Amino acid sequence: MPFFARVVTSHGLCLWMLTGVLLSTNPVSADEIQLYSAPPSDEDVRRALFPEIPKTRGIHLQSSSSAPKPETFNTATPAESTESTEPVESTVTPSRPSKPAVAPITHTSTSPRRNSTVIAVPVKFASNSAEIGADQMAHLDPIGRMMASDSSSKSRLIVEGHTDGVGSPAYNRNLSLRRAEAAKQYLVSHYEIDPNRLIAVGKGQSELLVKNDPRDERNRRIQFRRQ
């Protein structure tokens, strides 16, 4: 809580110093997660993850006219606060003011991270398995086609594995990492993508999309975001 410190100067004047709590200037972490129930189109992937690639520069993009519309989730994590005992601002007055001359300074940025759009696909795995079935590969193909294009040859993606809330956090974290690695290996082997351009991470059950229902199948997904 902010408070005032009274200092008497050599001239008999009172110096009121307002000391407050500063919030760090780290931006709020905000994501727009686009969850597709069916494979997204190439254009959907380009628009979300590779907006710098022109739509009409020698790249054949699968039409998005028949592609399913994604379900959108918005997540945000407030910036962490840090306390400061340094004076924010001071004023010299002959007597104590009736109200603070300077309001406590706070700063909470709502600016999202540079790449805030995330594509999530519901790649289905067998129970306790990280093997991608042949019928599930179509979810990953649009990502592979865009990663393999010349225009995105320097881009890097983070491949995130996510589970539902059933089971222990430690087990789910390991399982989600194995599934993220499987998705990465598919893209590397089928689209000849440099493995250094794909970073696999396991999130386990730490970032549920449907928090009020940990068993909801939408929580089980593979996500792609720009690094």
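The values are calculated or read from the model by the stated rules, or taken from the named source; none is laboratory data. Computed from a prediction, not measured in an experiment: that's the story for all the values here. Cβ: placed from backbone, ideal geometry, glycine included. Neighbour counts: every protein chain shown. Heads up: the accessible areas ignore ligands, DNA and RNA and are worked out on the full protein's heavy atoms, side chains in. Shrake-Rupley method; radii C 1.70, N 1.55, O 1.52, S 1.80 Å.
Here are a few things to note about the model shown:
Okay, residues lined up against (1) outside any helix (DSSP H, G or I); (2) more than 16 Å from Ala126 (Cα to Cα); (3) touching a residue at least 12 places away in the same chain (Cβ under 8 Å); (4) not basic (Lys, Arg):
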position: Gly167; (1), (2), (3), (4): yes, no, yes, yes
position: Arg173; (1), (2), (3), (4): no, yes, yes, no
position: Ala182; (1), (2), (3), (4): no, no, yes, yes
position: Ile193; (1), (2), (3), (4): yes, yes, yes, yes
position: Ile199; (1), (2), (3), (4): yes, yes, yes, yes
position: Leu208; (1), (2), (3), (4): yes, yes, yes, yes
position: Lys211; (1), (2), (3), (4): yes, yes, no, no
position: Pro214; (1), (2), (3), (4): yes, yes, yes, yes
position: Phe224; (1), (2), (3), (4): yes, yes, yes, yes
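- Subset of the stretch 156-165 (residues that are open to solvent by less than 10 Å² (accessible area, probe 1.4 Å) and in a loop (DSSP other than H, G, I, E, B)): Thr163
- Selection status of Ser127, surrounded by fewer than 18 Cβ atoms within 10 Å (Cβ to Cβ) and in a loop (DSSP other than H, G, I, E, B): yes
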